[in-house]
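Reviewing the structure listed below.
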Amino acid sequence: MSDTPRLDQRPEWTALKDHRARWQAHLRELFAADPERAERYVVRVGDLRIDFSKNLVTDETLALLRELAAATDVFGLRDAMFRGDRINITEDRAVLHTALRAPADAVVEVDGENVVPQVHAVLGRMSGFAERVRSGEWTGHTGRRIRNVVNIGIGGSDLGPAMAYEALRAYTDRSLTFRFVSNVDGADLHEAVHDLDPAETLFIVASKTFTTIETITNATSARTWLLEGLGGEEKAVAQHFVALSTNGEKVADFGIDTANMFEFWDWVGGRYSFDSAIGLSLMIAIGPERFRELLDGFRIVDDHFRTAPAESNAPLILGLLGIWYGNFFDAQSHAVLPYSHYLSKFTAYLQQLDMESNGKSVDREGRPVQWQTGPVVWGTPGTNGQHAYYQLIHQGTKLIPADLIGFARPLDELSGELKAQHDLLMANLFAQGQALAFGKTAEEVRSEGVPEEQVAHRTFQGNHPTTTILSPELTPSVLGQLIALYEHKVFVQGAVWDIDSFDQWGVELGKVLAKRVEPALTEGAEVPGLDPSTAALVAAYRELRK
Ligand SMILES: O=P(O)(O)OC[C@H]1O[C@](O)(CO)[C@@H](O)[C@@H]1O
């Protein structure tokens, strides 16, 4: 048994509990008492200006939170991560997604071997391949150039490239079509390929393990579709399928030539893998140079996280704010609300990053935790959300801290009136932050002549915390900065909560049970050990499908 004190028994935790018990201030009062907080509570990293002034904190709160971070040795674990120590303890692995964006002359060792040259070798191969596809030099089996790229993967092998493709659409080669297939529902693949010409289609099968049932099933069906379309010649596969994986053996078993495999390593977690070979579809879309800019963006935030003092360390501050709300205000969720259409898949990406990392209920030694861990992360582009669920954030009974993300300039893609709409978009972001923080008092409502019986309904309590992340423009580098910011925020929270943020045992049971239930559905076989409820569902399914 370890002598590490339990988190909730640390004096720093108790100090925060006491601080919370005394907490009364409304954001209106905090700003009235200290108008400077609008400037003081801002951190800058790279192109990101992170304004956390509309959070329920004072200098004292921030100091107490930093003391908790120091007591739990967040920076010690950070250094261990960057060094390549095996901090993913249940899988006994290093956690080195930061090595994926390290400069070529950096040295990051795993088991005494510098991994940076391998990273750059794969990046070089990816660049060469991406250029050949983009230029038309890489052709399909019939000699026609590739016009469609279909990424088949799920979880970390899908969400990153799919999100970033949307985010950076303005930088993509519009003469190519990109599709992302993840769902084992045959409808996903069907909709992705039904209007494509197999002779012009490249499948990228993305799977770290190359054993994931959804991906292997979809890849097998894609191969059938391709061969049917190209007259059944097996050797066509070589020109139309490439693999992204850590598992060369399984790639070969599937029938993809390992010469067409782009490798990554077990020290890259699936949800942290999109800047590895998993980004190949994105690299084809935006080109190797833009991809390198994206990596540079990640690196800016890595360097900041590694070196900035606690007072101005952006991922640390964001992580601690989340802890303040989740552990001391009982907030159950965290909303991420981008005011950018291009970021429409950003929150879905963060859901895996955050919830698969920190959805844990035992500490690093396997003891049940006595404190809340990862929040439910949710959200969609802000303006659409305003006309759907913002009502609950403004006037519901739950505390929902939110990040509002916006950009000063629209992309050059837009012109004329469409460009001018950007100010309206951003006016909405600013207005929401203001309304959430300051609300509208009953007196203000009355002064507008609202009848007394409606005053309560039209009053806005305010005091809802938001953090506003503003940057000049959504470039590849800025996207990399944003993702790294959240990666390290999640890291900080896992470190404080004393959980392993890098395993994902919680997704295993469902996978095993699905394999056990499937024969009952497809072959009508009896499945021993089904609970009565599931057995009844299976029976109803069999009856209904007749
Ligand atoms: O890349 P793979 O091995 O196919 O795994 C896909 C996803 O499945 C998970 O293991 C569980 O959902 C994720 O962590 C991972 O990103």
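Data table
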quantity: From Leu68, Leu100, residue being open to solvent by less than 60 Å² (accessible area, probe 1.4 Å) and more than 30 Å from His19 (Cβ to Cβ); calculated: Leu100
quantity: Hey, His341 within 25 Å of Leu474 (Cα to Cα) and open to solvent by 10 Å² or more (accessible area, probe 1.4 Å) or not; calculated: yes
quantity: Residue among Glu67, Glu36, Glu60 that is over 21 Å from Ile300 (Cα atoms), assigned by the TED database to the domain that holds Ala15 and without any contact (Cβ under 8 Å) to a residue 12 or more places away in the chain; calculated: Glu36
quantity: Those residues of region 224-252 which are of a type in the set (A, V, I, L, M, F, W, C), part of a helix (DSSP H, G or I) and either more than 15 Å from the ligand (Cβ to nearest atom) or over 30 Å from the mean Cα position of the chain (by Cα) (or both), in sequence order; calculated: Trp225, Leu226, Leu227, Ala236, Val237, Ala238, Ala252
quantity: Residue in region 360-374 that is of a type in the set (A, V, I, L, M, F, W, C), at pLDDT 95 or above and in a strand (DSSP E or B) present; calculated: yes
quantity: So Val455, is it over 24 Å from Gln395 (Cα atoms), outside any strand (DSSP E or B) and in contact (Cβ under 8 Å) with a residue 12 or more places away in the chain; calculated: no
quantity: Among the residues listed as Val369, Val362, Val377, the single one being assigned by the TED database to the domain that holds Leu77 and open to solvent by less than 10 Å² (accessible area, probe 1.4 Å); calculated: Val377
quantity: Criterion violated by Leu196 - all others in (1) in a helix (DSSP H, G or I); (2) more than 11 Å from the ligand (Cβ to nearest atom) satisfied; calculated: (1)
quantity: Residues (without any contact (Cβ under 8 Å) to a residue 40 or more places away in the chain, loosely packed, with under 12 Cβ neighbours inside 10 Å and closer than 26 Å to Thr212 by Cα) located in region 509-540; calculated: Leu509, Gly510, Val512, Thr522, Glu523, Gly524, Ala525, Glu526, Pro528, Gly529, Asp531
quantity: Residue in region 421-438 that is more than 28 Å from Leu470 (Cβ to Cβ) and part of a helix (DSSP H, G or I) present; calculated: no
quantity: Test result for Leu479, away from the ligand (no atom under 16 Å from the Cβ), touching a helix residue (DSSP H, G or I) at 6+ places or on another chain (Cβ under 8 Å) and either open to solvent by 30 Å² or more (accessible area, probe 1.4 Å) or assigned to a helix (DSSP H, G or I) (or both); calculated: yes
quantity: Every pair of residues 6+ apart whose Cβ atoms lie under 8 Å, when the first sits in region 210-223 and is within 14 Å of the ligand (Cβ to nearest atom) while the second is open to solvent by 50 Å² or more (accessible area, probe 1.4 Å) and charged (D, E, K, R); calculated: Phe210/Lys250; Thr211/Lys250; Ile213/Lys511; Ile213/Lys515
quantity: Only one of Ala167, Ala162 that is in contact (Cβ under 8 Å) with a residue 12 or more places away in the chain, surrounded by 22 or more Cβ atoms within 10 Å (Cβ to Cβ) and away from the ligand (no atom under 16 Å from the Cβ); calculated: Ala167
quantity: Residue within region 500-507 that is assigned to a helix (DSSP H, G or I) and either under 30 Å from Arg10 (Cα atoms) or out of contact with any Gly (no Cβ under 9 Å at 6 or more places or on another chain) (or both) present; calculated: yes
quantity: Selection count, region 403-449, where residues are open to solvent by 70 Å² or more (accessible area, probe 1.4 Å), farther than 24 Å from Leu48 by Cα and modelled with pLDDT of 95 or more; calculated: 5
quantity: Residue check, Ile400 in a loop (DSSP other than H, G, I, E, B) and either surrounded by 13 or more Cβ atoms within 10 Å (Cβ to Cβ) or within 16 Å of the ligand (Cβ to nearest atom) (or both); calculated: yes
quantity: Residue in region 319-330 that is under 29 Å from Thr475 (Cα atoms), surrounded by 23 or more Cβ atoms within 10 Å (Cβ to Cβ) and in contact with a Phe, Trp or Tyr (Cβ under 8 Å, 6 or more places away or on another chain) present; calculated: yes
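The values are calculated or read from the model by the stated rules, or taken from the named source; none is laboratory data. Just so we're clear, the structure is a prediction, and the values are computed from it rather than from any experiment. Virtual Cβ from ideal backbone geometry, glycine too; neighbours counted across all protein chains shown. Accessible surface is based on the protein model in full, side chains and every heavy atom, while ligands, DNA and RNA are left aside. Shrake-Rupley method; radii C 1.70, N 1.55, O 1.52, S 1.80 Å.
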